[in-house]
Amino acid sequence: MKSKKISQAVILAGGLGSRLKEITKKTPKPLIKINNFAFLDYLIFNISRYGFDKILILTGYKHNLFLKRYHNKTLYFNSRVTCFKEKKPLGTGGALLHAKKKLQSKFLLCNGDTYFDFNINDLEKSFNKNSLLISALTTIKSNTSRYSKVKLKKNYIKTYSDQSQDNSLINTGYCLVNKKILKNVKTKICSLEKDIYPALIKTKKIQGKVYNKSFNKFIDIGLPKDLSKAEKFLKRVISKKAVFLDRDGVINKNLGYVHKKNNFIWRKGIFKFIKELNDKNYYVFVVTNQSGIGRGYYTEKDLEKLNYWINNTLYKKGAHIDEFFHAPYFKHSLIKKFRKFLHLRKPNTGMIDLAKKKWKINLKNSILIGDQISDKQTAINAKIKYKIINFSDKISL
């Protein structure tokens with residue numbers, strides 16, 4: 001369960017994929033199978049982990065295949081997916097205008113054939129309320145000729161160009177959009193970049209944010225030679241180092257059996273630290289012993305509500321926790337099922353084992369951060385690094 005200020009993501013997936021020729025005769029480009037999953041599956045998973053729980057896919061070519069696979073289905077992290085069809089190609093601007101009634105006041109917009117691995121919540125944190133759009137930008141080493149080149153001036157986009165430029169920034173296709181941008185759409189068939197952006201650039205309504213720390217984390221599968229790289233690329237970007245955080249004493253002050261936001265006191269520096277982990281491309285998990293559940297002091301639903309509030313607070317800081325794991329075990333619990341979770345309770349490794357099953361984790365280079373002997377022993381048992389954070393110093397790994 002997640003919630004955030006901008007909770008809708010819109011994926012443009014209506015193209016014909018003609019540059020892939022035979023490959024897309026039967027299968028739309030976003031649905032091409034890579035490592036046994038559709039490319040769009042990877043995209044939806046990654047977007048959902050940043051708290052976008054309403055996903056709208058704008059389709060056209062072979063709409064029924066998208067409908068069958070995704071429409072009105074609840075997928076990763078309880079994200080709800082719907083599909084909306086354009087009867088004929090309308091261009092990126094036209095597709096949004098056609099779906100206007102389906103759009104929230106602000107939304108994430110991305111292409112169904114590109115994957116960019118960066119901290120999407122940071123883009124939201126950087127979004128100026130006076131802007132109509134903020135675009136995620138990066139640089140790549142090759143094949144830049146088919147991407148729009150961008151020049152920035154004081155974080156606002158100065159020019160878009162299709163012409164090759166040395167050391168140029170490219171538009172990744174990921175942007176946050178204010179729905180008011182559609183007031184500038186004058187025709188039913190139009191392109192955002194070619195027909196709408198030029199006027200908005202003149203009035204400083206389009207921002208840009210550079211993510212060069214995400215170098216080599218971008219792929220566009222629109223050409224056969226790039227599609228051939230997608231298998232290795234996706235294996236690499238979804239297998240991340242993880243930081244496992246103890247909660248009480250690390251994220252918040254340990255006041256004993258904390259289960260309500262009213263007595264949840266954030267540790268100084270923790271917002272910056274978690275965002276830094278997100279920016280550096282770690283998975284971030286919470287692993288916390290919660291015997292208070294087994295003791296009957298509070299319920300798992302109470303804990304879920306608190307986790308929801310924790311992430312909602314982090315979203316506003318441009319950060320997030322990927323998943324919360326807890327051990328409700330108490331050996332004398334009046335509820336029998338809570339006597340059965342000893343394997344989850346630290347210093348046992350059950351919570352880390354659960355994370356390994358659900359996520360592609362580079363465990364060798366992962367780390368557990370805690371403040372108790374049981375945390376250190378858990379790290380030893382799981383064969384990962386352990387660290388105590390001194391919050392009076394600058395937080396850094």
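The values are calculated or read from the model by the stated rules, or taken from the named source; none is laboratory data. Note that the structure is a prediction, hence the values are computed from the model and not measured. All Cβ positions, even for glycine, are placed from backbone atoms using ideal geometry, and neighbour counts span all protein chains on display.
State the number of residues belonging to the range 315-370 that are of a type in the set (Phe, Trp, Tyr) and closer than 20 Å to Lys383 by Cα.
Matching residues across the range 315-370 total 2.
What's the number of the only condition in (1) at pLDDT 90 or above; (2) under 21 Å from the mean Cα position of the chain (by Cα) that Thr139 fails to meet?
(1)
Hey, among Phe338, Phe325, which residue is within 26 Å of Lys268 (Cα to Cα) and crowded, with 16+ Cβ neighbours inside 10 Å?
So the residue among Phe338, Phe325 that is within 26 Å of Lys268 (Cα to Cα) and crowded, with 16+ Cβ neighbours inside 10 Å is Phe325.
Only one of Ile361, Ile335, Ile380, Ile373 is under 24 Å from Gly51 (Cα atoms) and among the aliphatic types (A, V, I, L, M); which?
So the residue among Ile361, Ile335, Ile380, Ile373 that is under 24 Å from Gly51 (Cα atoms) and among the aliphatic types (A, V, I, L, M) is Ile361.
Just the residues that are assigned to a strand (DSSP E or B), modelled with pLDDT under 90 and not polar (S, T, N, Q), please, taken from the range 168-187.
The answer is Leu169, Ile170.
Hey, any hits in the range 371-388 for a residue that's within 27 Å of Lys125 (Cα to Cα) and under 30 Å from the mean Cα position of the chain (by Cα)?
Taking every residue of the range 371-388 in turn, none turns out to be within 27 Å of Lys125 (Cα to Cα) and under 30 Å from the mean Cα position of the chain (by Cα).
Quick check, is Tyr297 buried (at least 17 other Cβ atoms within 10 Å of the Cβ) and either under 17 Å from the mean Cα position of the chain (by Cα) or at pLDDT 95 or above (or both)?
no
Which is in contact with a strand residue (DSSP E or B) (Cβ under 7 Å, 6 or more places away or on another chain), among the aromatic types (Phe, Trp, Tyr), assigned by TED's automatic domain parsing to the domain that holds Asn263 and over 28 Å from Phe118 (Cβ atoms), of Phe330, Phe341?
Phe341
Could you please let me know if Ile367 is more than 21 Å from Tyr257 (Cβ to Cβ) and touching a residue at least 24 places away in the same chain (Cβ under 8 Å)?
Judged against the criteria, Ile367 is a match.
Tell me which residues, restricted to the range 356-391, are buried (at least 20 other Cβ atoms within 10 Å of the Cβ), small (Gly, Ala, Ser) and assigned to a helix (DSSP H, G or I).
Of everything in the range 356-391, those that are buried (at least 20 other Cβ atoms within 10 Å of the Cβ), small (Gly, Ala, Ser) and assigned to a helix (DSSP H, G or I) turn out to be Ala379, Ala382.
Name the residue, out of Lys204, Lys194, Lys225, Lys235, that is under 28 Å from Trp359 (Cα atoms) and surrounded by fewer than 20 Cβ atoms within 10 Å (Cβ to Cβ).
Every option except Lys235 fails the conditions.
Select from the range 143-159 the residues that are within 28 Å of Lys129 (Cβ to Cβ), at pLDDT below 85 and more than 25 Å from the chain's Cα centre (by Cα) and list them in ascending order.
Thr159
Given Ala199, Ala230, which one is in contact with a helix residue (DSSP H, G or I) (Cβ under 8 Å, 6 or more places away or on another chain), without any contact (Cβ under 8 Å) to a residue 40 or more places away in the chain and either assigned by TED's automatic domain parsing to the domain that holds Leu133 or aliphatic (A, V, I, L, M) (or both)?
Ala199
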